[in-house]
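A.B. asks: First the structure, which I've put down as structure tokens, then a few questions once you've had a look.
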């Protein structure tokens, strides 16, 4: 039964009833309702339990400032926790539940916290759970279980989210009277405009206003403006879109809720993240009404006055029959009129001795009683308001008051004045300043290109908001270089200036530390007593008090409570509010979902998959892929039901005994040419580049300026002034960037051009004693014998009529060739070579076999056997270091720390049992009996079972390792055992290097 | 008038010659323009259309987009003619793919994954720009036709790029070829 | 996300750039002539000012040029960007 639904009025569609469930119970509302308005229509007052004390709570507000009605909407993988019921649009079949209260809302076990609340003051957690330290593990479970709000979904979100970049001249945040005027002026001036509002309809406060604009009802004026805006090609109109962050350089983020109002699991994009770069921004987010602070002011049925008016006028719901309006300013008198028009009885309690002016007269004319110079000190009723206690008050905050009247009521509408929503201004880096005449913080000096307008700028009357919006629109349009359009100011019926008397906390009949709780921040259960306690305990800075009392945290980020809290803090400190200041508001303005943050960057689009030109062949031949950077490289090529180990053993033996073939296309390749290329490369690489003859290759390493190995690879001198450099797979982009950096910033005088060829050429390695014969079979145009094409040289050739660059280099220690070929013909070449190798049972192999073969030879992989703290000396590569020239990092090698003899050095390891394959990363210890923390002497960097040798091998970095040849140390296994290992040479196979040089 | 539907297709047989040199030094510019038969675009992020499509990539770097069959000859002509200059000419045809995107929704599609401003007044015919699209670096070229754009993509990213375009375009009116 | 004006390509989003740290760090001409402390000073020590900072940026996803920028480390306002050597 929608017992509180009015028979007429509102912006709901009574012909479209919608069924929904709240905490398992069925209700009905109408199209146009929010979950909050529908619950209120059904007379549901108790919607949650408070965060710490588990006190019963009801709906307080009607917008994003709602602190209590935090709900979990939907179910299963698409559920969203912690939504404000006031922002959830109703749809048929909606399921929602409270996020607090166990086992049920009406009987909440943790509500016992409230009974013991004197023990649960500010800092309770800090004080109680820190000692004894050992008990934390017990406390933690309990605290975690009772903390937080809703539950995160446990399964993968099935919905689509997307990101969208946008640019505009003017972004208008908020489409109330000021925002609409600003957008209208900017649009008519010819600017590209984006106007966004968090609500489903544009209009803001106008949607529930009694005022008229240009003689028509305010919502009609809104419709006219929206229609005009929508007609411009360069104006983007975004309802249901919250500007939730204002970042550097006028970059703003908006969350658009595309389908959440229709239902769950709806086709299409659910939410969209707009990343907007705006030349100018108009902040027109409006203002929040402040509650008043008195005893038990959190009882369900206590609402802000403007929220009551919104429910009546926009949703045709009157949340009570016997209402009390308690205010310190004029605006709540409108609510009194709305309540009376809805058939409720109303009494106005006004803290001011003079009451309201013109509005006061209108209220009295309706026969409504106004008690001026009175305050509500306390609320009776527990699960809902039953009545209020009222005292006479002189205006002196420190005076003790006496309750003189008790009024029975079921609704208490309160208004403590208005606070501009300065959040985005704060995000942007702008300061907020205390405006004494308005008793609120208003946006101060701007830090970015933006203007605040309307009630968000401290303009309360409608005509002032319209004018402020128009002026803001004209200002930003002209700053963007447009001639601002002359837009006549519409005439508004509401021109009243809202008069208010500051009343930050209502004096209690008892000591404020002993009276029933006077809540400042509903969501965090922060009371006046908590702030007073924080000050007594020595907290003086507003940011510290915030963290100690939790004032201003949570999903509402202090939208309702902050200003009252600051003022009470100022009172306690005996300072001015302007000196106490506010805490800093940071993004997000309201919570956003993880889904909209991730956008399409999930699943297969999380990281690009880079494929070589031969990828399809590998796929067809059943290779599992190893991810190296973004590349997917074939890992091994199983035959039949072979596992990794069986396949790798077979691939290794085939390569050592006959011939193997591997796709090495992911190596970085750089063309370097120019008159100064030798000089340039001398400075980059550690070896003597100038001594290389044309047609020859060399292994090169480059160091960072800190002397640590950065990358390595083979380089070939193709011509006097032209080199072909290769890098590691992961080094392709960073090395090119590194080289360009030196050329552009440090040595611009060197004439060298670099061009990346990584994608242009594919690389096919053919390795093994039969590799030469495979190439010959494939119809190689050049003599491949040792005399004319020696090890470490390069030749241009044709293979089967296709031009290639042939490199006689080896990463396996076998006779080997690397075929560099235009990527368009790479797969064709691969097939040709497979064909040519058939008689030798040519065996494709993947990255795992490549790793084993090179480890058998003691060849390092930069990034696996090195980690950014390893010098070439540590690797035993002193022979690579030229003494005749300077090169990057050389000086660092002479630093004291680099000369230590106990640096970790590359060695080989053999398990003494001859069978344990050490896990990579295993730590090495010398003293197995040492107490914890056990000193480590090194760690394993590479480890495999070598099928060729018939036993496991490992490479390791061991402190002073080279001098410890044949000593035994111990590998600390995960299960706690210690495996004895012998330190040996890092070259396990063909130590003299004869096999590659045939 | 362009088709209402937006088309995405991978173009075959496109050649790409990468050209590096300092247009302010020696005879580089004159020789390059003579061999190409058209001006080198010196204004950043612009395209020179002629026998080839020459895109500005940097103050000393251009991409000459041409028919794949012409790339080899052009490479040789440029290398020979520029032998006396400090210049670098490379045929990158093997490493690049071109995705042509045409139609009314093209710009909206790009906005999903690129921070450039594709407004018709900003990204005009004759513009080109290197930028990130989703998680790949690409070269956008406005071909001059109404809403016809070429995306030059590194070949290893092509599969990812098409996948991303399909995903990002799911809400738009797009057909893939 | 910052909006950075590449001296060649114009204003682009920060995600297109990579940061190069403090500008004006010159590699010593003769590193061997430096003490360990002097070399470490070149290698590791930076001014890290509060306020105006001369720094290097690279238009990594665009023209790949390095350029200079004067950026305020408090407000993040970029007063100017310029081509190196100009």
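A.B. asks: Which FRET efficiency value, to the nearest 0.05, do you get for residue B:25 and residue A:917 by plugging their Cβ-Cβ distance into 1/(1 + (r/R0)^6) with R0 = 45 Å?
C.D. replies: 0.15
A.B. asks: Now for a different question. Return the Rg/Rh ratio of the stretch A:222-275 with Cα-based radii and a Kirkwood Rh.
C.D. replies: 1.05
A.B. asks: Here's another thing I want to ask about it. Sorted by average packing, counted as other Cβ atoms within 10 angstrom per residue and highest first, what order do A:669-682, A:861-874, A:421-434, A:37-50 take?
C.D. replies: Packing proxy ranking, top to bottom: A:37-50, A:421-434, A:669-682, A:861-874.
A.B. asks: Here is a further query. Counting only other chains, what is the mean number of Cβ atoms within 10 angstrom of the Cβ of each residue in peptide A:698-710?
C.D. replies: Per-residue shielding by partner chains comes out at 1.
A.B. asks: Oh, and also: Kirkwood hydrodynamic radius, computed over distinct alpha-carbon pairs, for the stretch A:758-817: how many Å, to one decimal?
C.D. replies: Kirkwood hydrodynamic radius for the stretch A:758-817: 11.8 Å.
A.B. asks: While we're on this one: Running Debye on the stretch A:299-416 with equal point scatterers at the Cα sites and no solvent, what base-10 log of I(q)/I(0) appears at q = 0.12, 0.18 Å⁻¹?
C.D. replies: Normalising to I(0) and taking log10 leaves -0.37, -0.85.
A.B. asks: Run the quick spin-label model on residue C:73 and residue A:345: label points 7 Å from Cα toward the beta carbon, then report their separation in nm to one decimal.
C.D. replies: Computed distance between label sites residue C:73 and residue A:345 equals 6.9 nm.
A.B. asks: Over the C-alpha atoms of the stretch A:172-253, what are the Rg and the largest Cα-to-Cα span, Dmax, in Å?
C.D. replies: 12.8, 42
A.B. asks: Going out from 0 in 5 Å bins, what whole percent of all Cα-Cα distances in the stretch A:501-592 drops into each bin?
C.D. replies: Final binned percentages: 3, 15, 26, 26, 18, 9, 3, 1, 0.
A.B. asks: Sticking with this one: Ignore the peptide's own chain and count Cβ atoms of other chains within 10 Å of each Cβ in C:58-70; give me the average, rounded.
C.D. replies: 6
A.B. asks: Using the per-residue mean of other Cβ atoms lying within 10 Å as a proxy for protection, in what order, highest first, do the peptides A:893-906, A:171-184 fall?
C.D. replies: Descending mean neighbour count gives A:171-184, A:893-906.
A.B. asks: For the stretch B:89-172, what does the alpha-carbon gyration tensor say about shape, rounded, prolate or oblate, given a ≥ b ≥ c as the root eigenvalues, a/c under 1.5 as rounded, and a/b over b/c as prolate?
C.D. replies: oblate
A.B. asks: When the convex hull of the Cα atoms of chain A is projected onto a plane and the area is averaged over all directions, what value comes out in nm²?
C.D. replies: 49.6
A.B. asks: Right, next: Would you mind computing Rg(Cα) / (2.2 N^0.38 Å) for the stretch A:698-763, counting N as its residues?
C.D. replies: Rg over 2.2 N^0.38 Å, computed on Cα atoms: 1.14.
A.B. asks: What FRET efficiency, computed as 1/(1 + (r/R0)^6) with R0 = 30 Å and r the Cβ-Cβ distance, is obtained for residue A:155 and residue A:616, rounded to the nearest 0.05?
C.D. replies: The formula returns an efficiency of 0.35 here.
A.B. asks: Ok, one more. From Cα pairs below 8 angstrom and at least 6 apart in sequence, can you work out the relative contact order of chain B, rounded to a whole percent?
C.D. replies: Contact order relative to length: 28 percent.
A.B. asks: In the stretch A:878-942, if every C-alpha pair distance is counted and binned at 10 Å from zero, what percent goes to each bin?
C.D. replies: The calculated distribution, bin by bin, is 15, 33, 29, 17, 6.
A.B. asks: Something else now. Between residue A:358 and residue A:537, how high is the FRET efficiency from 1/(1 + (r/R0)^6) when r is the Cβ-Cβ distance and R₀ = 35 Å? Nearest 0.05.
C.D. replies: 0.15
A.B. asks: Ok, one more. Report the convex hull volume per residue for the stretch B:30-177, counting only C-alpha atoms, in Å³.
C.D. replies: Convex hull volume per residue, Cα atoms: 114 Å³.
A.B. asks: Then there is this: Largest first and in whole Å, what are the equivalent-ellipsoid semi-axes of chain C based on the Cα gyration tensor, each being the root of 5 times an eigenvalue?
C.D. replies: 27, 15, 10
A.B. asks: When C:57, A:617 are ordered from fewest to most other Cβ atoms inside 10 Å of their Cβ, what list results?
C.D. replies: In increasing order of surrounding Cβ atoms, one gets A:617, C:57.
A.B. asks: Let me ask something else about it. Shape of the stretch A:438-513 from its Cα gyration tensor (a ≥ b ≥ c, root eigenvalues): rounded if a/c is under 1.5, otherwise prolate when a/b > b/c, or oblate?
C.D. replies: Oblate is the answer for the stretch A:438-513, as a/c is 1.5 or above yet b/c matches or exceeds a/b.
A.B. asks: Ok, one more. Specify the inter-centroid distance of the stretch B:1-52 and the stretch A:400-468, based on alpha-carbon positions, in whole Å.
C.D. replies: Going from one Cα centre to the other spans 58 Å.
A.B. asks: With no solvent and one point per C-alpha, what does the Debye sum give as log10 I(q)/I(0) for the stretch A:663-796 at q = 0.09, 0.10, 0.13, 0.16 Å⁻¹?
C.D. replies: -0.29, -0.35, -0.59, -0.86
A.B. asks: For the stretch A:742-901, what does the equivalent ellipsoid look like in terms of its semi-axes, each the square root of 5 times an eigenvalue of the Cα gyration tensor, given largest first in whole Å?
C.D. replies: Here the semi-axes work out to 35, 21, 15 Å.
A.B. asks: Summing -39500 (n - 2.57) over the DSSP H runs of n ≥ 4 in the protein assembly as shown and dividing by its residue number, what mean residue ellipticity at 222 nm do you reach, to the nearest 500 deg cm²/dmol?
C.D. replies: Result for the protein assembly as shown, helices only: -6000 deg cm²/dmol.
A.B. asks: For the stretch B:14-94, state what percent of all Cα-Cα pairs lands in each successive 5 Å bin, counting from 0 Å until the bin that includes the largest distance.
C.D. replies: 3, 18, 31, 30, 15, 3, 0
A.B. asks: Convex hull over the alpha-carbon atoms of the stretch A:900-997: what's its volume per residue in Å³?
C.D. replies: In the stretch A:900-997, the Cα convex hull volume per residue is 106 Å³.
A.B. asks: Which whole-number value in Å³ per residue fits the convex hull of the alpha carbons of the stretch A:596-727?
C.D. replies: 205
A.B. asks: Across the residues of B:155-162, average count of Cβ atoms on other protein chains within 10 Å?
C.D. replies: Per-residue shielding by partner chains comes out at 6.
A.B. asks: Determine, for A:977, A:345, the number of other Cβ atoms within 10 Å of each Cβ, and report the residues in order from fewest to most.
C.D. replies: Ascending Cβ contact count within 10 Å gives the list A:977, A:345.
A.B. asks: Ranking A:578, A:890 by Cβ neighbours within 10 Å, fewest first, what do you get?
C.D. replies: A:578, A:890
A.B. asks: Using only the alpha-carbon atoms, what does the stretch A:948-995 span along each of its principal axes? Please give whole angstrom values in decreasing order.
C.D. replies: 41, 26, 15
A.B. asks: Hey, another quick one. Alpha carbons only, please: Rg and Dmax for the stretch A:227-365, in angstrom.
C.D. replies: 20.6, 58
A.B. asks: If you find the alpha carbon centre of the stretch A:526-551 and of the stretch C:26-86, how far apart are they in angstrom?
C.D. replies: Result: 44 Å between the Cα centres.
Read-outs: derived from the displayed coordinates by stated rules, not from any lab. This structure is a prediction, so every number in the text was calculated from the model and none was measured. A quick note on method: Cβ atoms are made from the backbone with ideal geometry, for glycine too, and the neighbour counts reach across all protein chains shown.
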